[in-house]
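Visitor: Got a structure for you, questions after.
No lab work stands behind these numbers, since they all come straight from the coordinates. Note that the coordinates shown come from a computational prediction; the quantities given were computed from them, not determined experimentally.
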Amino acid sequence: MADMTKAPVPRAGVRFEELEGEAVVYDRAGKRATYLNDTATLIWKLCDGNRTVAEIVAILAQEYPESAGQIASDVQESIDSLVRDYPGRATSSRMSVKMRSATDSPSNSLK
């Protein structure tokens, strides 16, 4: 489960494209692409390396109060899925989401 104190950020080389309401992330070197649904697209856009998982949950809970009870698990599941499906460079050349603690500098990001 995604650590709520970590700040996820896509690693270098991961591309995010939106076209006509559809979104996809891909890594040409890893020859892998994934379609993102609306929820995953919102989460992806908030994963900027500055916001922790907890902050992303709070932003989405404020925006969608009717779904506040489900948002934490949805965010964690989405991030876990991206990390699982696209492991970091240490184990694969495919894309990943790096997780860093809110106090780490970007150069000390965890993969």
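Visitor: Using a ≥ b ≥ c from the Cα gyration tensor of region 10-58 (square roots of the eigenvalues), is it rounded, prolate or oblate, where a/c under 1.5 gives rounded and otherwise the larger of a/b and b/c decides, a/b for prolate?
Guide: Working: a/c = 2.69, a/b = 1.41, b/c = 1.91.
Since a/c reaches 1.5 but b/c is at least a/b, the shape of region 10-58 is classed as oblate.
Visitor: Stretch A68-Y35 to full length: gain in nm at 0.36 nm per residue minus the Cα-Cα span?
Guide: Here the segment from A68 to Y35 would lengthen by 9.4 nm.
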